[in-house]
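Everything on this sheet refers to the single structure shown next.
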């Protein structure tokens, strides 16, 4: 058995199977020069086109798409630029409303009480009730039956600010821990 390769039948008259002369340099250089010239012309024309557009309509400084501008406000719901900070600000404002005194409507004499004080006053004075003769029959029918029990106590749910309070408590150093 020999290691010699044999050309396929009828291929013996086509030549040696490789190029006998080198590639011509002149057409390759012409094509390369034209390619570079077209590239430079495109870059120069783009540069001047952008200059013209910049004069026609100046862009202004770069702004994040999440930052709210006064010019055009998209319809709600809007994306928040800093949601954690905004939620902490919201929760601290709500906590301040729940724990401080303040005016709701000064002209009407309506005040806001801290929630703890309001609950104490409700326990002391009770809730307002109607006289028995003014109670309608429909209201009596809508009262809950006596066999319904109270909802079992669950963990303290604090609304959307609950996890912020839990995170702040987790980040707070434990008492007696070495710093």
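The values are calculated or read from the model by the stated rules, or taken from the named source; none is laboratory data. Note that the structure is a prediction, hence the values are computed from the model and not measured. Counting neighbours? That spans all protein chains shown, and the Cβs are built from the backbone with ideal geometry, glycine included.
Some observations on this one:
- One residue alone among 173, 153, 131, 83 is more than 41 Å from the chain's Cα centre (by Cα) and either on the phi < 0 side of the Ramachandran plot or modelled with pLDDT of 60 or more (or both), and that residue is 131.
Per-residue answers, yes or no, for (1) at pLDDT 75 or above; (2) over 51 Å from the mean Cα position of the chain (by Cα); (3) in a loop (DSSP other than H, G, I, E, B):
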| residue | (1), (2), (3) |
| --- | --- |
| 10 | no, yes, yes |
| 22 | yes, yes, yes |
| 28 | yes, yes, no |
| 34 | yes, no, no |
| 60 | no, no, yes |
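- Any pair with Cβ under 7 angstrom, 6 or more apart, that starts in region 103-125 at a residue that is surrounded by 10 or more Cβ atoms within 10 Å (Cβ to Cβ) and ends at one that is part of a loop (DSSP other than H, G, I, E, B): 111/101; 112/101; 113/101; 114/100; 114/101
- If only residues of region 94-111 that are closer than 21 Å to residue 161 by Cα and at pLDDT 90 or above are counted, the one that is farthest from the chain's Cα centre (by Cα) is 101.
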